[in-house]
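Engineer: One structure follows; several queries about it will come next.
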Amino acid sequence: MNTMKLILSDRPLRLSVPEGVTYVDLSGLNIANCIGCFGCWTKTPGCCVIRDDAVKVYPLIAKSDTVLYVSRVFCGGYDTVMKTMLERAIPIQKAFIRLHCGETHHVQRAVAPKKAVILAYGTQDSQEQALFRRLIDRNARNMNFAEYSVLFTDENGLENAVENEVKKWQS
Amino acid sequence: MAVLIVNASPRAPRSNSKRYGEIFSEYCQEETVYFPLSKTNHEKICEQMEQFSKMVIVFPLYADGLPVTLLHFLKTLEQNPPSQKPVVSVLINCGFFEPRQNDIAVSMLELFCKRHGYPFGAVLKIGSGEAILDTPFQFFLKRKMKKFAAAVTSGKNRTFSVTMPIFKSVFLKASTNYWIAYGKKNGVTPEQMDTMLIEGK
């Protein structure tokens, strides 16, 4: 399986994107809400029936072995832009359920195990940050994160924080 | 005073959440009023909310958290808060066996309620929620729903959970059969459903 590095952001970032890194600004894409039709599992397996920009993004998520997700936080979870995309990424899983870490989870299709960094901004307090960390811990089981870290920053520090993470990929 | 039921499932008109809302109504000792979220009715529901002292939000777990339809509604609610804030109870289901996989989503709503001054009420977390209603085990679900409904009407902050009373190994086989039958209705074979390809690659 070919692997790659992916930056998935819910807002435009001024970045010099190094070779070998794919940068996707979700805010510039047309991505509708998942409608829960299960078509990607039971009608056209591996393909979402809604043919908008999401169908270009979830294959990138699947292929990437290193990901940096940049998202505003709302109610202790991803805000709507990132959450809309992650909900639309279920074609990369199968309907079938397996035991994983002692719990039931969906079987993955060709999804590379990931080293994930989640860069979150807009949290209001430590309680919200703790809840977001719990969410990412659950994501790790369902999104094939082999390892992950969660970083919090404010909007002003966001681009520097992204640059710092990307530099680590190059070293 | 009636209990407001808001169905926040992305497929509200034909969702399991709708069925769970209907069972809740059967067991609720007070009148219930049902609103499925649509793209255009969020502000209307916020306006209506003033007439209710209790609200039940019914929805499925989506990608480990609240479905984005519900997030959009909560954002509208932030901007259009009712003058009288109802007690908010949560009726959540997930397709996984373990009801605890719903915990994060419940905590998210609890955080919203804490921040915006809504009293937090009762919780019913349903595991194996995709299929339990169509099995003999719906009896267990209904028993918990009755307790949940009593807690909602009395305004108590109690948490309940339910799943199929079977071994996980049996659940895995049953869920595989469920999905194979689902695919068969669409003319899709188990082998096709089992593909590793994404967008055909």
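The values are calculated or read from the model by the stated rules, or taken from the named source; none is laboratory data. All values reported here derive from a predicted model rather than from experimental measurement. So basically every Cβ, Gly included, is an ideal-geometry build from the backbone, and we count neighbours across all protein chains shown. Quick note on the areas: whole protein, heavy atoms, side chains included, nothing else; ligands and nucleic acids left out. Shrake-Rupley method; radii C 1.70, N 1.55, O 1.52, S 1.80 Å.
Engineer: Could you check how many residues of the range A:103-114 are open to solvent by less than 50 Å² (accessible area, probe 1.4 Å) and not in a strand (DSSP E or B)?
Structural biologist: 4
Engineer: Residues A:102, A:39: which one is more than 13 Å from the chain's Cα centre (by Cα) and at pLDDT below 95?
Structural biologist: Every option except A:102 fails the conditions.
Engineer: Could you count how many residues in the range A:120-143 are surrounded by 19 or more Cβ atoms within 10 Å (Cβ to Cβ) and outside any helix (DSSP H, G or I)?
Structural biologist: Number of matching residues: 4.
Engineer: Those residues that are under 14 Å from the mean Cα position of the chain (by Cα), touching a residue at least 40 places away in the same chain (Cβ under 8 Å) and farther than 13 Å from residue B:60 by Cβ, I need them from the range B:109-130; list them, please.
Structural biologist: B:109
Engineer: Taking into account only those residues within the range B:147-181 that are of a type in the set (Ser, Thr, Tyr) and farther than 29 Å from residue B:109 by Cβ, which is farthest from the chain's Cα centre (by Cα)?
Structural biologist: So the residue we want is B:169.
Engineer: So which residues in the range B:88-102 are touching a Cys at 6+ places or on another chain (Cβ under 7 Å), assigned to a helix (DSSP H, G or I) and more than 9 Å from chain A (Cβ to nearest Cβ)?
Structural biologist: B:102, the sole residue that qualifies.
Engineer: Here's something else I'd like to know. Please list, ordered by first then second residue, the pairs with beta carbon atoms under 7 Å, 6 or more apart or interchain, first in the range B:162-191 and over 13 Å from residue B:128 (Cα atoms), second open to solvent by 60 Å² or more (accessible area, probe 1.4 Å) and outside any helix (DSSP H, G or I).
Structural biologist: Partner pairs satisfying both residue conditions: B:186/A:43; B:188/A:43.
Engineer: Next question. Regarding residue B:32, is this residue hydroxyl-bearing (Ser, Thr, Tyr), within 13 Å of chain A (Cβ to nearest Cβ) and buried (at least 17 other Cβ atoms within 10 Å of the Cβ)?
Structural biologist: no
Engineer: Next question. Among the residues of the range A:65-73, is there at least one that is outside any helix (DSSP H, G or I) and among the aromatic types (Phe, Trp, Tyr)?
Structural biologist: Looking through the range A:65-73, at least one residue is outside any helix (DSSP H, G or I) and among the aromatic types (Phe, Trp, Tyr).
Engineer: Residues in the range A:14-23: is at least one open to solvent by 60 Å² or more (accessible area, probe 1.4 Å) and not in a loop (DSSP other than H, G, I, E, B)?
Structural biologist: Yes, that holds for at least one residue.
Engineer: Still on this structure, I have one more. Restricting the range B:44-59 to residues that are assigned to a helix (DSSP H, G or I) and more than 17 Å from residue B:119 (Cα to Cα), which is most open to solvent (accessible area, probe 1.4 Å)?
Structural biologist: So the residue we want is B:47.
Engineer: If you check A:70, A:117, which single one turns out to be open to solvent by less than 10 Å² (accessible area, probe 1.4 Å), more than 11 Å from every other protein chain (Cβ to nearest Cβ) and over 24 Å from residue B:60 (Cα atoms)?
Structural biologist: A:70
Engineer: Among the listed residues B:9, B:17, identify the single one that is assigned to a helix (DSSP H, G or I), polar (S, T, N, Q), assigned by TED's automatic domain parsing to the domain that holds residue B:155 and closer than 22 Å to residue B:149 by Cα.
Structural biologist: B:17
Engineer: Further, regarding this structure: Quick check on the range B:69-77. Is at least one of its residues within 14 Å of chain A (Cβ to nearest Cβ), within 30 Å of residue B:175 (Cα to Cα) and open to solvent by less than 10 Å² (accessible area, probe 1.4 Å)?
Structural biologist: Checked against the condition, which is being within 14 Å of chain A (Cβ to nearest Cβ), within 30 Å of residue B:175 (Cα to Cα) and open to solvent by less than 10 Å² (accessible area, probe 1.4 Å), the range B:69-77 yields at least one hit.
Engineer: Pairs only if they're at least six apart or on different chains, beta carbon under 6 angstrom, first in the range B:65-81 and part of a helix (DSSP H, G or I), second of a type in the set (S, T, N, Q); list them, first residue then second.
Structural biologist: These pairs meet every condition: B:68/A:33; B:68/A:80; B:68/A:84; B:71/A:80.
Engineer: Here's something else I'd like to know. Looking only at the range B:1-18, which residues are more than 14 Å from chain A (Cβ to nearest Cβ) and buried (at least 18 other Cβ atoms within 10 Å of the Cβ)?
Structural biologist: First pass over the range B:1-18, keeping only residues more than 14 Å from chain A (Cβ to nearest Cβ): B:1-6.
Hits for the range B:1-18 are B:3, B:4, B:5, B:6.
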